[in-house]
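Any read-out appearing in this document is the output of simple, stated calculations on the displayed coordinates, not a laboratory observation. Keep in mind that this is a model prediction, so the values were computed, not measured. Cβ sites come from the backbone with ideal geometry, for glycine too, and all protein chains shown count toward neighbours.
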Amino acid sequence: MPAAFQGLEAWDSRDATGVQEIPQHLIVVGGGVVACEAATWMSALGCDVTMLVRGPRLLSAAESFASRLIESFTSEASYE
């Protein structure tokens with residue numbers, strides 16, 4: 001694990017859905033369906049969300065219109 005992430009708690013999707021307290025900030029790694037879903041509901045619950053996406057767009061396996069729709073929503077929700 002890179003030094004910048006030492007001491008941080010890593011979650012998988014099951015951990016994220018079972019949290020007892022909403023974190024102040026969350027880094028979501030990935031831009032697939034599960035990552036977008038987690039980022040959306042965590043943001044709606046007041047968490048500051050940063051998404052780290054490797055490819056050129058979210059939902060890269062989906063139709064491009066779906067990707068554009070999600071990207072417009074995440075921009076409006078002030079994700080980083």
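The orientation-averaged projected area of the convex hull spanned by the Cα atoms of segment 20-80 comes to 3.9 nm². Over the chain, DSSP H runs of length four or greater, each weighted -39,500 (n - 2.57), average out per residue to a 222 nm ellipticity of -11000 deg cm²/dmol.
Helix 33-44 and the longest principal axis of the Cα set of the chain meet at an angle near 70°. Helix 64-76 axis versus longest C-alpha principal axis of the chain: approximately 50°, rounded to the nearest ten. In this rough spin-label picture, where each label sits 7 Å from Cα along the Cβ direction, the Phe5-Ser64 distance is 3.1 nm.
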